[in-house]
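Chemist: After the structure tokens below, expect a handful of questions from me.
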Amino acid sequence: MKKLLLGNYAVARGCYEAGVKVATAYPGTPSTEITEAIAQYDEIYCEWAPNEKVALEVAIGAAIYGKRAICSMKHVGLNVAADPLFTASYTGVNAGLLIAVADDPGMHSSQNEQDTRNIAKAAKVPVLEPADSQECIDFVKIGFEISEKFDTPVILRLTTRVAHSQSIVEERPREDVLFKYKKDIQKYVMMPAMARPRHEFVEKRLKSLKEFSETIGINKVEQGTQKMAFIASGIAYQYVKEAYPDAWVLKLGMVWPLPERLIKDFCSQFEKVYVVEELDPFLEENIKAMGINNIVGKEIFKLTGEYSPSFIKRAVENKEIEVPYKVKQTLPPRLPVLCPGCPHRGIFYVLSRLKDVIITGDIGCYTLGALSPFNAMDSCVCMGASIGMAHGISNASDKKQMVIAVIGDSTFVHSGITGIIDAVYNGSDILVMILDNSTTGMTGHQDHPATGYTIKGEPTYKLDIVSLCRALGCVAVEEINPYKIKENVEKIKQLLDLPGVKVVIAKAPCRLHRRYKFTISKRYIDFEKCKNCRLCLSLGCPAISLKDKPTIDANLCLACGMCEDVCKFGAISSQKEQ
Amino acid sequence: MKKNINILVVGVGGQGNILFSKILGEVLLNAGNDVKISEVHGMAQRGGSVVTYVKAGEKVFSPLVDRAEADYILAFEKLESLRWLEFLKDNGILIYSDYEIPPLSVITGAYEYPDVEKILQTVGVKACRVEVKKLLSQLGNSRVQNTLMLGFFSRFLDIDEALFKKSIERNVKKEFIEINLKAFELGRRIEMCEVEK
Ligand code: SF4
Ligand code: SF4
């Protein structure tokens, strides 16, 4: 039966059909659903790892043991996993190992735009790039075959518009694949004496992969009727086909290493060939390095953001699109906000009221604390960076500057722990606030070691962040209730004055998480008592808006009670006025 | 359906436009089309402005709809219909809900919520307004705006009503099927607006 399937679900389906046994990941948009979908298959062992490095190490272990394994992450996650990746390229695999990496051109939910093909090239591993959901299924299978045939990890590069688009697929049954574990220290123990010959192997492998790329069916020329020619892969291929359905296209399914003869042959037939690729001029530079000069690339196509069919048309034909309907006035912007009832709101409200403090932030829902109305964040670089940066700032100022690092529970487990170890070890004077909402909020409520549940929702050992921080050597570790605003202002001021590394764990589950039940008693504003000071508006709760005076929309209010704590005139309570 | 059709579903994160697109996409698929849907996740979803693209026809390549390319824009929030208006093609139709969700920039008083009706008139676009607020209170459930809108929109497509109902049944959680079907029917019975083809 034909059905519509999200690209990420199709990758999962491909893994199921390919007989995958082990799947690991740390969640990250746009890659998260791959592993969530795999968790639905009982045939596959599946886990959330604390970070991508660990996730990849687990998958490498499984592959070496003889079971097909997949590890999924977003582009920035591959930086975290780069260390095991580069050496796994040397050890090779036994059963196949696929690394699905989702790039995010346009930065719909990422801190940078980064092109995974560059890391793949540096690690000398092949890259496949599907262009729709059916290809996601097919390329997973091809990826495992390549991995086993050439003894290499294979990267499956996705981009947002493939990962998060639904298109039509046909599902097939699962096939089991069996490999036996064989002890082989020459291959799997990478100390210098053994790594040297493996490097020779890697270079030879790259050569044979290159040869193979000339004949693999997923690199193919699509004939056109118009004398116009393109080279493209992935989603860019779809854009080209839509913009110029009659043009010649060399569609690359395998984008590293490249089929040199095929490309030379193709390019020699045309006066000029457009190379269309989002982000870096990866194909372009590598094709130019083959001595081919009749290609047009980044001189007309942009280096940043997403492409589209009409963007390609505009660039090739050098003309603008005409927009029939245009609104002249500026519209009120609608930026993302913390949800109604979000526990982070209370903390950022408090932080926004502190003076002379630098606040280093981190990756997660709480990054929104940087926006108005809080403006309570000075930096946000990568997972776990808040703590290291706070330590750096504090020391750079000879400990004169007060610094607070803000980090979520999932992010803390991902890579905040080592930051604390460093800060304690080197005698820092910072305050670390762990905003513990008992989940990975931004990516849609995934579990992690400190939630006490596995990816399948089964109970497991729950990492105790309080005792962990004590064991790491923090001078004070306190739990607070983020909804108690008045109390928390005092508490945080006190702790800031202490020397050493202090940790405050603001603990309250995400208000949208199904696992947690809340007693609902919605808040209302008594207009008699309200002095229209509008202080409650500075909470930035989407449920409170300004009519003549502030009003609470009972449909949106999630009854966290924070606004009640903020109002100085006792105008907000759970009593509806008569 | 012979001609390709491009639909933009716009609104505010959390209004259920991904589910809407999924249901609609399945209907279009079962009516014999190639279909592609592209959606937004993550940060953009937290109450931000969001858009989902639904494309159908003989053969669909790109999942994106660009400016001046949409046959229909379905707006689940009034102000959002303005934000995406440039995506409508000449003579395309805007179908918008009268539901208002003021963005934070309005809540804090930095901006005013615009007079959407007036602006649409000045721009001179073919638009149908759906009195969602009233209809939802009739249903006694504020979470089925998407199926209500689907009911109304279904009349613009030459597709058997049964396909819509089947798709709703398949994609909505069991306990909510009934209310969603009710909303769909209510939407389908709304009086057609002037721009009806
Ligand atoms: S904080 Fe209290 S008094 Fe001030 S505007 Fe809000 S409800 Fe009225
Ligand atoms: S209106 Fe008040 S009680 Fe309701 S969610 Fe917002 S802050 Fe919490």
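Chemist: Considering only residues of region A:466-492 that are farther than 29 Å from A:I552 by Cβ and loosely packed, with under 13 Cβ neighbours inside 10 Å, which is farthest from ligand 2 (Cβ to nearest atom)?
Modeler: Within region A:466-492, the match that is farthest from ligand 2 (Cβ to nearest atom) is A:A471.
Chemist: Please go through region B:15-39 and pick out each residue that is within 8 Å of chain A (Cβ to nearest Cβ) and open to solvent by 20 Å² or more (accessible area, probe 1.4 Å).
Modeler: Residues satisfying the conditions are B:K22, B:E26, B:L29, B:D34.
Chemist: To continue, here is another question. What single numbered condition from (1) under 29 Å from A:Q446 (Cα atoms); (2) touching a Lys or Arg at 6+ places or on another chain (Cβ under 6 Å) fails to hold for A:C530?
Modeler: Going through (1) under 29 Å from A:Q446 (Cα atoms); (2) touching a Lys or Arg at 6+ places or on another chain (Cβ under 6 Å) one by one, A:C530 breaks only (1).
Chemist: Please tell me if A:I312 is surrounded by fewer than 16 Cβ atoms within 10 Å (Cβ to Cβ) and aliphatic (A, V, I, L, M).
Modeler: Working: surrounded by fewer than 16 Cβ atoms within 10 Å (Cβ to Cβ): no; aliphatic (A, V, I, L, M): yes.
Here the answer is no, as A:I312 does not meet what is asked.
Chemist: Here is a further query. When residues of region A:553-571 are filtered for being aliphatic (A, V, I, L, M), near ligand 1 (Cβ under 8 Å from one of its atoms) and more than 19 Å from A:F348 (Cβ to Cβ), how many remain? Steps first, answer last, please.
Modeler: Within region A:553-571, the first condition is being aliphatic (A, V, I, L, M), and the residues that meet it are A:554, A:556, A:558-559, A:562, A:566, A:571.
From what's left, near ligand 1 (Cβ under 8 Å from one of its atoms): A:566, A:571.
Now restrict to residues that are more than 19 Å from A:F348 (Cβ to Cβ): A:571.
Total meeting the criteria: 1.
Chemist: Out of the residues in region A:290-343 that are aromatic (F, W, Y), more than 30 Å from A:G364 (Cα to Cα) and assigned to a loop (DSSP other than H, G, I, E, B), which is nearest to the other protein chains (Cβ to nearest Cβ)? Talk me through it step by step, then tell me what you get.
Modeler: Here is the first cut: in region A:290-343, the ones aromatic (F, W, Y) are A:301, A:307, A:311, A:325.
Filter again for more than 30 Å from A:G364 (Cα to Cα), leaving A:301, A:311, A:325.
From what is left, the residues that are assigned to a loop (DSSP other than H, G, I, E, B) are A:301, A:325.
On the way: A:F301: 15, A:Y325: 5 Å.
Looking at residues that are aromatic (F, W, Y), more than 30 Å from A:G364 (Cα to Cα) and assigned to a loop (DSSP other than H, G, I, E, B), I get A:Y325.
Chemist: Something else: With the condition kept exactly as written, say whether any residue in region A:499-514 is within 16 Å of ligand 2 (Cβ to nearest atom), closer than 22 Å to A:A554 by Cβ, surrounded by fewer than 17 Cβ atoms within 10 Å (Cβ to Cβ) and away from chain B (no Cβ under 14 Å).
Modeler: Among the residues of region A:499-514, at least one is within 16 Å of ligand 2 (Cβ to nearest atom), closer than 22 Å to A:A554 by Cβ, surrounded by fewer than 17 Cβ atoms within 10 Å (Cβ to Cβ) and away from chain B (no Cβ under 14 Å), which makes the answer yes.
Chemist: Only residues that are in contact with a helix residue (DSSP H, G or I) (Cβ under 9 Å, 6 or more places away or on another chain), among the hydrophobic types (A, V, I, L, M, F, W, C) and near ligand 2 (Cβ under 10 Å from one of its atoms): list them for region A:535-556, please.
Modeler: So in region A:535-556, the residues in contact with a helix residue (DSSP H, G or I) (Cβ under 9 Å, 6 or more places away or on another chain) come out as A:535-546, A:550, A:552.
Within this subset, residues satisfying the condition of being among the hydrophobic types (A, V, I, L, M, F, W, C) are A:535-537, A:539, A:541, A:543-544, A:546, A:552.
If the condition is that a residue be in contact with a helix residue (DSSP H, G or I) (Cβ under 9 Å, 6 or more places away or on another chain), among the hydrophobic types (A, V, I, L, M, F, W, C) and near ligand 2 (Cβ under 10 Å from one of its atoms), then A:C536, A:L539, A:C541, A:A543, A:I544, A:I552 are the ones that fit.
Chemist: I'd like the full set of residues that are among the charged types (D, E, K, R), buried (at least 23 other Cβ atoms within 10 Å of the Cβ) and not in a helix (DSSP H, G or I), limited to region A:130-161.
Modeler: First, the residues of region A:130-161 that are among the charged types (D, E, K, R): A:132, A:135, A:138, A:141, A:145, A:148-149, A:151, A:157, A:161.
Retained after the next criterion (residues that are buried (at least 23 other Cβ atoms within 10 Å of the Cβ)): A:132, A:135, A:157, A:161.
Once the filter is applied, which keeps residues that are among the charged types (D, E, K, R), buried (at least 23 other Cβ atoms within 10 Å of the Cβ) and not in a helix (DSSP H, G or I), region A:130-161 yields A:D132, A:R157.
Chemist: Follow-up question, since we're still on this one. Just one of the numbered conditions (1) farther than 30 Å from A:N8 by Cβ; (2) polar (S, T, N, Q); (3) surrounded by 22 or more Cβ atoms within 10 Å (Cβ to Cβ) is not true of A:T439; which one?
Modeler: Result: A:T439 passes all but (1).
Chemist: Take the residues in region A:519-539 that are among the aliphatic types (A, V, I, L, M) and more than 8 Å from ligand 1 (Cβ to nearest atom); name whichever of them is surrounded by the most Cβ atoms within 10 Å (Cβ to Cβ). Steps first, answer last, please.
Modeler: First pass over region A:519-539, keeping only residues among the aliphatic types (A, V, I, L, M): A:520, A:525, A:535, A:537, A:539.
With more than 8 Å from ligand 1 (Cβ to nearest atom) added as a condition, the list becomes A:520, A:539.
Details: A:I520: 10, A:L539: 26.
Here the answer is A:L539.
Chemist: Only one of these is more than 11 Å from ligand 1 (Cβ to nearest atom) and within 14 Å of another protein chain (Cβ to nearest Cβ): A:P550, A:P542. Name it.
Modeler: Values: A:P550 fails: more than 11 Å from ligand 1 (Cβ to nearest atom).
So the residue among A:P550, A:P542 that is more than 11 Å from ligand 1 (Cβ to nearest atom) and within 14 Å of another protein chain (Cβ to nearest Cβ) is A:P542.
Chemist: I'm checking my understanding of the structure. Among residues of region B:71-117 that are open to solvent by 30 Å² or more (accessible area, probe 1.4 Å) and among the β-branched types (V, I, T), which one is farthest from the chain's Cα centre (by Cα)?
Modeler: B:T108
Chemist: Show the residue pairs meeting these rules: Cβ distance below 8 Å; 6+ apart or different chains; first residue within region A:528-549 and without any contact (Cβ under 8 Å) to a residue 12 or more places away in the chain; second residue away from ligand 1 (no atom under 11 Å from the Cβ).
Modeler: Here the result reads A:S545/A:D553; A:S545/B:P102; A:S545/B:V106; A:S545/B:I107, each pair linking region A:528-549 to a residue that is away from ligand 1 (no atom under 11 Å from the Cβ).
Chemist: Within region A:223-242, how many residues turn out to be more than 22 Å from A:D115 (Cβ to Cβ) and not basic (K, R)?
Modeler: Going through region A:223-242 one residue at a time, the tally reaches 7.
Chemist: Let me ask you something else. Is it true that A:G561 is at positive phi, within 14 Å of another protein chain (Cβ to nearest Cβ) and within 14 Å of ligand 2 (Cβ to nearest atom)?
Modeler: Working: at positive phi: yes; within 14 Å of another protein chain (Cβ to nearest Cβ): no; within 14 Å of ligand 2 (Cβ to nearest atom): yes.
Here the answer is no, as A:G561 does not meet what is asked.
Chemist: Right, something else. Would you tally the residues in region A:494-522 being of a type in the set (S, T, N, Q) and over 24 Å from A:G416 (Cα atoms)?
Modeler: If we filter region A:494-522 for residues that are of a type in the set (S, T, N, Q), which is where we start, we get A:494, A:519, A:521.
If we keep only those that are over 24 Å from A:G416 (Cα atoms) too, we end up with A:519, A:521.
Of the residues in that region, 2 qualify.
Here is a yes/no grid of residues against (1) at positive phi; (2) of a type in the set (S, T, N, Q); (3) open to solvent by 10 Å² or more (accessible area, probe 1.4 Å):
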position: A:V249; (1), (2), (3): no, no, no
position: A:L252; (1), (2), (3): no, no, no
position: A:D265; (1), (2), (3): no, no, yes
position: A:S268; (1), (2), (3): no, yes, yes
position: A:V273; (1), (2), (3): no, no, no
position: A:E278; (1), (2), (3): no, no, yes
position: A:P281; (1), (2), (3): no, no, yes
position: A:M290; (1), (2), (3): no, no, yes
position: A:N294; (1), (2), (3): no, yes, yes
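Chemist: Being acidic (D, E) and open to solvent by 40 Å² or more (accessible area, probe 1.4 Å) is the filter here; which residues of region A:296-309 pass it? Don't jump to the end; show me each part of the working.
Modeler: Here is the first cut: in region A:296-309, the ones acidic (D, E) are A:299, A:306.
A:E299 - this is the single residue of region A:296-309 that is acidic (D, E) and open to solvent by 40 Å² or more (accessible area, probe 1.4 Å).
Chemist: If you don't mind, another one. Collect the residues in region A:524-539 that are part of a loop (DSSP other than H, G, I, E, B) and either more than 14 Å from every other protein chain (Cβ to nearest Cβ) or within 18 Å of A:K486 (Cβ to Cβ) (or both), keeping them in residue-number order. Break it down stepwise before answering.
Modeler: Initially, region A:524-539 is screened for residues part of a loop (DSSP other than H, G, I, E, B), giving A:526-534.
Across region A:524-539, the qualifying residues are A:D526, A:F527, A:E528, A:K529, A:C530, A:K531, A:C533.
Chemist: So which residues in region B:118-141 are more than 13 Å from every other protein chain (Cβ to nearest Cβ), loosely packed, with under 15 Cβ neighbours inside 10 Å and part of a helix (DSSP H, G or I), if there are any at all?
Modeler: The answer is B:K134, B:Q138.
Chemist: While we're on this one: Evaluate region A:354-376: report whether one residue or more is over 29 Å from A:H108 (Cβ atoms) and either at pLDDT 95 or above or within 14 Å of another protein chain (Cβ to nearest Cβ) (or both).
Modeler: Looking only at region A:354-376, we keep the residues that are over 29 Å from A:H108 (Cβ atoms), and these are A:354-357.
Subsequent filtering for residues that are either at pLDDT 95 or above or within 14 Å of another protein chain (Cβ to nearest Cβ) (or both) retains A:357.
Yes, there is a match, as at least one residue in region A:354-376 is over 29 Å from A:H108 (Cβ atoms) and either at pLDDT 95 or above or within 14 Å of another protein chain (Cβ to nearest Cβ) (or both).
Chemist: Which of the residues spanning region A:252-299 are among the basic types (K, R) and in contact (Cβ under 8 Å) with a residue 24 or more places away in the chain? If you could, list the steps in order and put the result at the bottom.
Modeler: Restricting attention to region A:252-299, the residues satisfying the condition of being among the basic types (K, R) are A:261, A:264, A:272, A:288, A:298.
Passing the criteria: A:R261, A:K264, A:K272.
The values are calculated or read from the model by the stated rules, or taken from the named source; none is laboratory data. Predicted model, so just to flag it, every value in this text is computed and none were measured. Note that we place each Cβ from the backbone using ideal geometry, even for glycine, and neighbour counts take in every protein chain shown. Remember, those area values only see protein heavy atoms, side chains included, never the ligands or the DNA or RNA. Shrake-Rupley method; radii C 1.70, N 1.55, O 1.52, S 1.80 Å.
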